[in-house]
Amino acid sequence: MPDKVNEKDEIRLQAYLAHCGVASRRASEQIILDGRVAVNGSVVTELGTKVSSSDSVAVDGKQVHLEEKMRYILLNKPAGFVCSASDEKGRQVAADLLKDAYRERLYNVGRLDMYSKGMIFFTNDGNFAKILSHPSSQLEKEYIVETSQDIPEDFSSRFEKGIRVEDVFYKCKRCEILKPRKVKIVLIEGKNREIRTVLESQGIGTRSLVRVRIGNVHLDELKPGEHRELTEREVKGLLNLCGVNK
């Protein structure tokens, strides 16, 4: 598992917030810059600020504490849920599916668009989220896609070589046509709505898009809306795939 913070040490405020389960380090930096964080009663906007467990740290007026237990959760996200802490449009938030099971503040690692289904990780470990989300992680993400039109036979080879859509270059690691209207696609660094955009550029609509694997972790028989905790072996495997051998 990722290293646990020694509560006697001073660490940067954004790292402290991440270990409190507030958000990832990068997201915590913006929270600090927005003036939402107070240390010992004074608002702090300096990213270099260091704190320890003896300091009183509050976000939006609510005191936060180092998490006692790190959580690593796999959720099978149903369609119709957005991957964000909250939604100004009043849409359903994927994290709400975990509220009854966990008291910790959990946030998603990566995203799935509202209409896509399948695997997404949630955690309160900012280091874990940062490692998996970094472009250098090279984690494979596998999708099963059902389409509204037949897929051309040469689509796989063209997507593997790269397809340019409106000056954006999209390239998958692997693409395998399973049926005339069903395809398996493996991405490394997926751009926003990449699969849908590429298919639409070929005149093909997407009926269903499900992420079934991230790195060494598979969706298997987990049903939409269900979740489970990752095993220690799965967490270590993900970190190893990202080049972290702890």
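The values are calculated or read from the model by the stated rules, or taken from the named source; none is laboratory data. Predicted model, so just to flag it, every value in this text is computed and none were measured. Every residue, glycine as well, gets a Cβ built from its backbone with ideal geometry; the counts of neighbours run over all protein chains shown. Keep in mind that these areas ignore ligands, DNA and RNA; they rest on the heavy atoms of the full protein, side chains included. Shrake-Rupley method; radii C 1.70, N 1.55, O 1.52, S 1.80 Å.
A few notes on this one:
- As for the stretch 96-108, it holds no residue that is of a type in the set (Ser, Thr, Tyr), farther than 30 Å from Ile11 by Cβ, open to solvent by less than 40 Å² (accessible area, probe 1.4 Å) and in contact (Cβ under 8 Å) with a residue 60 or more places away in the chain.
- Residues of the stretch 228-246 that are of a type outside the set (Ser, Thr, Tyr), surrounded by fewer than 17 Cβ atoms within 10 Å (Cβ to Cβ), modelled with pLDDT of 95 or more and outside any helix (DSSP H, G or I): Arg228, Glu229.
- Residues that are over 23 Å from Tyr107 (Cα atoms) and open to solvent by 90 Å² or more (accessible area, probe 1.4 Å) within the stretch 41-66 comprise Val43, Glu46, Lys50, Ser54, listed in sequence order.
- From the list Glu176, Glu200, Glu189, Glu221, the lone residue that is open to solvent by 40 Å² or more (accessible area, probe 1.4 Å), more than 21 Å from Asn124 (Cα to Cα) and assigned to a helix (DSSP H, G or I) is Glu200.
- Of residues in the stretch 203-218 being open to solvent by less than 30 Å² (accessible area, probe 1.4 Å) and not in a strand (DSSP E or B), the one nearest to Lys99 (Cα to Cα): Gly215
- Ile195 vs. criteria open to solvent by 20 Å² or more (accessible area, probe 1.4 Å) and among the aliphatic types (A, V, I, L, M): no
- Scanning the stretch 67-84 for residues that are over 19 Å from Asn127 (Cβ atoms) and open to solvent by 30 Å² or more (accessible area, probe 1.4 Å) turns up just one, Ala79.
- Inter-residue pairs, beta-carbon under 8 Å, first closer than 15 Å to His19 by Cβ and of a type in the set (S, T, N, Q) and in the stretch 51-74, second part of a strand (DSSP E or B) and open to solvent by less than 30 Å² (accessible area, probe 1.4 Å), 6+ apart: Gln63/Val57
- Counted as qualifying within the stretch 22-115 are the strands (runs of 3 or more DSSP E) with 3 or more residues that are within 30 Å of Lys191 (Cα to Cα) and modelled with pLDDT of 90 or more, namely 72-77.
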